[in-house]
Amino acid sequence: MDSPRRLEEIFAHFPGIGPRQARRFVYYLMNKPPAFIKEFVQLIEEVKKSTSECEMCHKFFTNTSGSSRDKSKTLICGICSDQNRDQTILMIVARDSDFESIEKSGAYKGLYFILGGSVPVLDKEPEKRIRLKSLLERISSDISKNSKSISAADGQSPRFQEIILSLNTTPDGEHTATIVRDAISNITAGKQIKITILGRGLSTGAELEYADSDTIRNALKNRA
């Protein structure tokens with residue numbers, strides 16, 4: 001397979017990009033001068049080197065503390081390390097782009113967990129599609145720490161009081177929400193942790209990434 005065709009295949013794997021759009025990208029790059037291509041490649045490499053995946057929420061963020069390859073450092077994003085955020089609420093979203101939309105709305109001040117995708121309706125192995133195991137480990141860890149420090153005065157290990165499922169109202173999104181809700185319910189039974197979903201400010205079939213700020217605010221306000 002020649003290089004242009006291989007590049008076309010790579011672009012076609014981008015979210016929302018079909019074969020025709022991928023082909024246009026390839027021709028666009030082929031018509032650009034060498035200086036543009038050099039800068040383009042350098043930017044991709046720089047983004048990869050300068051970003052890290054948060055060990056708590058799995059959001060990608062710009063890491064100013066050093067290389068993302070430095071395994072001796074705990075990599076925590078600014079959201080998870082911000083003690084001014086509401087530590088008692090955890091919002092679960094599918095992708096980083098959904099996180100960006102929620103933050104832009106300014107309607108939510110709690111913590112996040114990014115699943116990394118959604119589970120197709122007919123998929124039989126959800127663990128391969130989303131970070132379900134990591135999510136359950138985080139919630140279990142929070143419950144465990146709270147149990148040990150329930151009488152402590154410092155209050156630095158609060159138990160999650162609410163977990164919000166902020167997933168797309170598409171068939172795959174709702175299927176994913178059911179899987180996640182059932183899994184969370186199994187480990188939070190008797191813990192008085194409320195599990196909610198966004199209110200129907202989001203219409204059926206809507207994707208969070210494309211929702212405007214007012215719609216997101218209404219969905220948060222009317223969650224149930």
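Taking into account only those residues within the stretch 175-198 that are modelled with pLDDT under 90 and within 19 Å of the chain's Cα centre (by Cα), which is nearest to Arg159 (Cα to Cα)?
Ile197
Can you pull out the residues in the stretch 35-51 that are part of a helix (DSSP H, G or I) and within 27 Å of the chain's Cα centre (by Cα)?
Phe40, Val41, Gln42, Leu43, Ile44, Glu45, Glu46, Val47, Lys48, Lys49, Ser50
Mind listing whichever residues of the stretch 10-24 are within 25 Å of Glu207 (Cα to Cα) and assigned to a helix (DSSP H, G or I)?
Ile10, Phe11, Ala12, Pro19, Arg20, Gln21, Ala22
Among the numbered criteria (1) in the same structural domain as Glu9 (by TED's automatic domain parsing); (2) of a type outside the set (Gly, Ala, Ser); (3) in a helix (DSSP H, G or I), which one does Lys32 miss?
(3)
Being surrounded by 10 or more Cβ atoms within 10 Å (Cβ to Cβ) and among the acidic types (Asp, Glu) is the filter here, so list the residues in the stretch 1-32 that pass it.
Glu8, Glu9
Within the stretch 4-46, can you find the residues that are among the acidic types (Asp, Glu) and over 28 Å from Asn63 (Cβ atoms)?
Glu8, Glu9
The values are calculated or read from the model by the stated rules, or taken from the named source; none is laboratory data. This structure is a prediction, so every number in the text was calculated from the model and none was measured. Quick reminder, even Gly has a Cβ in these numbers, built from the backbone with ideal geometry, and neighbours come from all protein chains shown.
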